Amino acid sequence: MYFRKELPQKYECFVLNAISSPPFYRLISIMKKRTRRTLDQDDPLCCCEYIDRHGGRSHMAACCCDCEDLDEACDRWMTKKPQNPDSLSRVMATISDRLRVPWIFGARQVDISVIPPLILLPVFLHIAALHYLLGILVLTAVPIMVLWYYYFTHRKKGHTLFFLSLALFSLFYMFYLFITQVVPQGDVNSFQLGAVTAGVALTVIFLIITKRGPGNVRPLPNDTHSTVTYHKPPPEVDAIYLNGAQHQVVIANREQTDESGTEQQGVQKRNWCAVCKVVRPPRAGHCRICGVCILRLDHHCVWINSCVGQANHRNFLLTLVFFLLTSLYGISLVLRSVCPDRNVMTALFYCPDVYNQFSSALCFTCAWYSSIVTGGLLHLLLLQLINVSFNVTEREARLALREKTARSRLWGLIIDTGVYSRGFRNNWIEFLTMSKASEPSNHKPSDLV
């Protein structure tokens, strides 16, 4: 044999054992698979194929294959060895990368944060419907947990679909219970059912329109320096939207070509975004969660998983209005059905014998849950209407309060910076007539999430 001629006798057994060991064959199989993936990389993806986080081509049927990270973590746990610091993060990244659903032109990744609301919300509501004390406990704990998770993700500037999943599932689940529990009792006529259905449909339609994009800042063609194409997602861009597609970034000239002097250069220097490589126009801002600059940036709304800017601010307000009208009307219909002898406001706080039947208790609990959500969104809509009336964005209000250059009234509800305000009427005319002068964002139109 070759090894017998070239190697000393004492190393022969060591080399033969190393070649015949399972890890060696596992490494060879992985190298072959990756080579095969590279050769087939240019072929179009079928509905069950996708580009994994390592840049290779994979299939949904192979979701349990080549789990090196999970194998290593299990081996260390079985042998009572300490885990690597990044073991859990690598295992979660692998699970998140392989959790997909079939889709046209390649399987789409499903974010793990979408799943908890789908499971926990029905469980919590059914537990709360068992007894009024459990209802008080659950309906108090759920908002506290949601707020805690919001501040946790907001502090880390992380991208999560938890809140969008909770909002959409709450809307559809409340509508499902309305159809299956309230309508069969005969207290809702066809017109009322049609009104609730139309409200839900309009809310979803305007949400989809809002999700088309807030209006990204793009440099003018004359100011374009170069275009960089990323074949893998950059660190500041969420890879869930790309699904293996190329991502292009336009880099603008930073040098001033006009003869406007040093004052114009100073303005450009202050408005220069080092991440997006563009000069931001007035009132534009950079979102650290989305990783892009937005025209007239108001805020990043976790409930729609998108920024609210110049191109979608009006549609965002319409989404809130249709949701609130539908929710308030639906709550009134539910309370009239489960407590027909009492006023709507009285029934919400006192409805005797409602817990005698589980179906009526579940409807009453859902009415309380919808009231809590409606109260929060009503506060958000009120702040938005006040800001539009004073022609100030949420981002500008926070910056002005931080720099102590704004006037705060009515316990912080009104923040007047006095920079762009031209009177109540002119402010609303400007808001309702502002253009959507921006190029489409990198998000695909089919991406509701």
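The values are calculated or read from the model by the stated rules, or taken from the named source; none is laboratory data. Predicted, not measured: the structure shown is a model, and the values here were computed from it. Cβ atoms come from the backbone with ideal geometry, glycine included; neighbour counts cover every protein chain shown. Please note that ligands, DNA and RNA were not included when accessible areas were found on the heavy atoms of the full protein model with its side chains. Shrake-Rupley method; radii C 1.70, N 1.55, O 1.52, S 1.80 Å.
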Virtual spin-label span in nm between ILE144 and CYS273, 7 Å along Cα→Cβ: 3.9 nm
Share of alpha-carbon pairs per 10 Å distance bin for the range 54-188, given as whole %: 9, 26, 28, 24, 11, 2, 0
Sequence of ILE414, ILE104, ILE112 from largest to smallest accessible area, 1.4 Å probe: ILE104, ILE112, ILE414
Accessible area (Å², 1.4 Å probe, nearest 10) - LEU130: 110 Å²
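How much FRET efficiency would the formula 1/(1 + (r/R0)^6) give for LEU413 and TYR329, where r is the Cβ-Cβ distance and R0 is 30 Å, rounded to 0.05?
In this case the efficiency is close to 0.70.
With an 8 Å Cα cut-off and a minimum separation of 6 or more residues, compute the relative contact order for the range 86-205 in percent. Don't skip to the end; give the middle numbers.
On the way: 57 pairs, mean separation 23.2, N = 120.
Value for the range 86-205: 19 percent.
So what are the range 347-407's ellipsoid semi-axes, whole angstrom, largest first, if each one is the square root of 5 times an eigenvalue of the alpha-carbon gyration tensor? Could the numbers behind the result be given before it?
Values: eigenvalues 345, 19, 15 Å².
Whole-Å semi-axes of the equivalent ellipsoid: 42, 10, 9.
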Solvent-accessible surface ranking, highest first, for TRP303, TRP148 at 1.4 angstrom: TRP148, TRP303
Ranking by accessible area, most exposed first, for ILE95, ILE304 with a 1.4 Å probe: ILE95, ILE304
Entries of LYS80/LYS156; LYS211/LYS277; LYS81/LYS157; LYS81/LYS156; LYS277/LYS404 with Cα pairs more than 26 Å apart: LYS80/LYS156; LYS81/LYS157; LYS81/LYS156; LYS277/LYS404
Computed over the range 289-352, Cα set: Rg, Dmax in Å: 18.3, 55
Cut-off 12 Å between beta-carbons: net charge of the residues surrounding CYS339, Lys and Arg +1, Asp and Glu -1: -1
Solvent-accessible surface (1.4 angstrom probe) belonging to TYR150, in square angstrom, nearest 10: 70 Å²
Under-5 Å amide H pairs with ILE414, H placed in peptide plane, nonlocal only: ARG409
LYS81 accessible area, assembled protein chains, probe 1.4 Å, Å²: 120 Å²
